[in-house]
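Trainee: One structure follows; several queries about it will come next.
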Amino acid sequence: MHERNDSEILELRGRISTLEQLLEVYERSVMEQSDRLYSEQERIRFQKTLLESQGEASLDGILCVGIDGTILFANRRLGEMWGIAAPVVGSKSFEQLLRAMSEAAAEGATFLERSTAAEASEWVAVQEALASITLARIADSHKLS
């Protein structure tokens, strides 16, 4: 009976040793994955910062909108070109920004008066684009009703 207990104890110690080894392998794997994930996050943060810096340094107004209608990026120059307040440009609402752009388009004469010929022709193109967006929205809402 005493021998049986010794053999059971040895078997349990073997199992414990195996489990400890498996745990060490698992912990190493988790740490390696964590390190890779951290490195990847740092790389993505750097790229995002670089792209945002380039976007802000641009002489052009830049607006990137996601398919869900959320503003992904809008640079300061966009607000300057349209005469839109920074909080509106910085908001994540494309609807709010589009309203502000439409209001600015209604005041287009003052913009054209202080613009170069190149900016004026771009302004006309933007007004036409806004009109087509408005018409598309009207057409879409008409289909829904």
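Each row is one residue, and each column tells you yes or no for (1) in contact with a Phe, Trp or Tyr (Cβ under 9 Å, 6 or more places away or on another chain); (2) over 21 Å from residue 103 (Cα atoms).
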| site | (1), (2) |
| --- | --- |
| 7 | no, yes |
| 34 | no, yes |
| 46 | no, yes |
| 57 | no, yes |
| 61 | yes, no |
| 86 | no, no |
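Trainee: I need every pair where a residue in region 74-88 that is buried (at least 17 other Cβ atoms within 10 Å of the Cβ) has its Cβ under 6 Å from the Cβ of a residue that is at pLDDT 85 or above and of a type in the set (Phe, Trp, Tyr), sequence separation at least 6 or different chains.
Mentor: none
Trainee: Looking only at region 82-117, how many residues end up being closer than 17 Å to residue 57 by Cα, of a type in the set (A, V, I, L, M) and modelled with pLDDT under 85?
Mentor: 1
Trainee: Hey, another quick one. What number of residues within region 59-71 satisfy the criterion of being out of contact with any helix residue (DSSP H, G or I) (no Cβ under 6 Å at 6 or more places or on another chain) and either outside any loop (DSSP other than H, G, I, E, B) or surrounded by 10 or more Cβ atoms within 10 Å (Cβ to Cβ) (or both)?
Mentor: Qualifying residue count for the region: 4.
Trainee: Ok, one more. Mind counting the residues in region 63-75 that are within 21 Å of residue 106 (Cα to Cα) and touching an Asp or Glu at 6+ places or on another chain (Cβ under 9 Å)?
Mentor: Total meeting the criteria: 0.
The values are calculated or read from the model by the stated rules, or taken from the named source; none is laboratory data. Remember, predicted model here, so these are calculated numbers, not experimental data. No Cβ is skipped: glycine too gets one built from the backbone with ideal geometry, and neighbour counts run over all protein chains shown.
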